[in-house]
Amino acid sequence: MAGFTSLDDLISEMTVNGKFNRSDWNKLTHAVGAQAAGTWYALPHATGNPAAMTLGAVGTNLAFHNANDRLTGSMRHGGDVAPDIKSILNASAFSAAATSMPAILMLVDMLGWYPVTTTTTTGNQALVNSKTFTATAAAPSVLTIAAGWDIQQGTPLRLTNSGGALPTGLSTNTTYYWNRTGATTGNFATSLANLDAATYVATSDTGTGTHTATVYLGDRAPSHGAGVQAFLTPSVALGAGTPNIQLTYTNQAGVGSRATPTTLPISNATAPIGQIEYSGTGAGKFGPFVPLQGSDSGIQKVDQFSYNVTHTSGTTNIVLARPLLTLPMTTIGVAAERDLLNQMPSLPRVFDGACLTWLMYAGAATPVASAFYGHLDTAWG
């Protein structure tokens, strides 16, 4: 068992050392329109506990926006525990709302998203995952990012250099976390804990050549992308139009120019906030994730996005997430439960900084503001 040498060790870590967390949660289905039968929805936008998350409202259009457990709307899971390893032990969910069953809840670690305000544009749109930067020789060093990417707080980055050397104090193969001080300026921290403590990296020179900072998901996605999937969900309701959607991405092995298959997902006309916009029943409907090319098992980054025709308005978001567990629900008022130690021994890992949230499949037309409740147990050792 990852993090534990035996069942006795697990029990000791939980009971003697207090390495256990229980989170109780509740979510209301979206307030704009009933949840359509056969359709997936993203519940980060939904009210409840944790509170609604705000997608698409901050940052730069088409540029990666980080998500972590410091973000409003993330479910609590016990905080940072490294070098210990944290796993999910048990989960449950139920609803007493009329016509809320059947349903499926899927817990995911949401790594971040690319806001797309240009939904009235056709053809390939390049997404922003990296920019060049300069650094001052100071304690802490002040970094200035090239225009076109307002990097948000906590974004994980890896650094490269061409034609010279990084500033002394910075290195490749180290993950840095961005402290945002302005739209193009900030500092680096070597961990989320250091970011919280305002402990930033110092440099003794400005380096030489060209420095580049690139999004890095590997600290929360094994092998930097394995198991990471993508879905699209509006944060401003989409207008009329049913475009085909295509993503071009770099896969889990670092191979670029991968693309969603020829049978493309088709966006739903007037998709409301929270709906996974290409899910539903019929041709061109998928859910919850965008299908990947060939035998690809994950995404390191999304490089391009395209609609073949436009929506007339709205904002969507290309979300990257790592699925952790599913809870099939069949009966109103009866809890769905998963024991991930004994019943389904998988102990899904929860990394430091994980932004846990739920996706929901509506098996029946579910009224607005239908309440779902549940809990999540985690332990670490």
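Okay, here's what the table says:
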{"item": "Failed condition for Gly284, given (1) assigned to a loop (DSSP other than H, G, I, E, B); (2) surrounded by 19 or more Cβ atoms within 10 Å (Cβ to Cβ)", "result": "(2)"}
{"item": "Which listed residue is over 16 Å from Thr248 (Cα atoms) and touching a Gly at 6+ places or on another chain (Cβ under 9 Å), from Ser297, Ser313", "result": "Ser313"}
{"item": "Scope segment 165-178; condition touching a Phe, Trp or Tyr at 6+ places or on another chain (Cβ under 6 Å) and surrounded by 21 or more Cβ atoms within 10 Å (Cβ to Cβ); matching residues", "result": "Tyr176"}
{"item": "Checklist (1) assigned to a loop (DSSP other than H, G, I, E, B); (2) more than 20 Å from the chain's Cα centre (by Cα) applied to Gly218, failing item", "result": "(2)"}
{"item": "Scan of segment 81-102 for residues that are part of a loop (DSSP other than H, G, I, E, B) and touching a residue at least 24 places away in the same chain (Cβ under 8 Å), ordered by number", "result": "Val81, Ala82, Asp84, Ile85, Ser95, Ala96, Ala97, Ala98, Thr99, Ser100, Met101, Pro102"}
{"item": "Matching residues in segment 324-381 - criterion: being under 20 Å from the mean Cα position of the chain (by Cα), among the hydrophobic types (A, V, I, L, M, F, W, C) and not in a strand (DSSP E or B)", "result": "Leu347, Val350, Phe351, Ala354, Cys355"}
{"item": "Pro323 being surrounded by fewer than 19 Cβ atoms within 10 Å (Cβ to Cβ) and at pLDDT 90 or above", "result": "yes"}
{"item": "Near pairs, Cβ below 8 angstrom, 6+ apart or cross-chain, from segment 103-125 (on the phi > 0 side of the Ramachandran plot and touching a residue at least 24 places away in the same chain (Cβ under 8 Å)) to any residue that is hydrophobic (A, V, I, L, M, F, W, C) and assigned to a strand (DSSP E or B)", "result": "Gly112/Val215; Gly112/Val319; Gly112/Leu320"}
{"item": "Only one of Asp296, Asp205, Asp219 that is out of contact with any Ser or Thr (no Cβ under 9 Å at 6 or more places or on another chain) and touching a residue at least 40 places away in the same chain (Cβ under 8 Å)", "result": "Asp296"}
{"item": "Some residue of segment 8-21 being out of contact with any Asp or Glu (no Cβ under 9 Å at 6 or more places or on another chain), in a loop (DSSP other than H, G, I, E, B) and either at pLDDT below 95 or buried (at least 19 other Cβ atoms within 10 Å of the Cβ) (or both)", "result": "no"}
{"item": "Subset of segment 262-282 (residues that are in contact (Cβ under 8 Å) with a residue 60 or more places away in the chain and not polar (S, T, N, Q))", "result": "Pro272, Ile273, Gly274, Ile276, Gly280"}
{"item": "Flag if Met53 is buried (at least 16 other Cβ atoms within 10 Å of the Cβ), not in a strand (DSSP E or B) and not assigned by TED's automatic domain parsing to the domain that holds Asn194", "result": "yes"}
{"item": "Inter-residue pairs, beta-carbon under 8 Å, first assigned by TED's automatic domain parsing to the domain that holds Leu320 and without any contact (Cβ under 8 Å) to a residue 60 or more places away in the chain and in segment 247-261, second of a type in the set (Lys, Arg) and surrounded by 15 or more Cβ atoms within 10 Å (Cβ to Cβ), 6+ apart", "result": "Tyr249/Arg258; Tyr249/Lys301; Thr250/Arg258; Thr250/Lys301; Asn251/Arg258"}
{"item": "Boolean, Phe64 is farther than 24 Å from Gly298 by Cβ and among the aromatic types (Phe, Trp, Tyr)", "result": "no"}
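The values are calculated or read from the model by the stated rules, or taken from the named source; none is laboratory data. Remember, predicted model here, so these are calculated numbers, not experimental data. Neighbour counts are summed over all protein chains in view; Cβ atoms, including those assigned to glycine, are modelled from backbone coordinates with ideal geometry.
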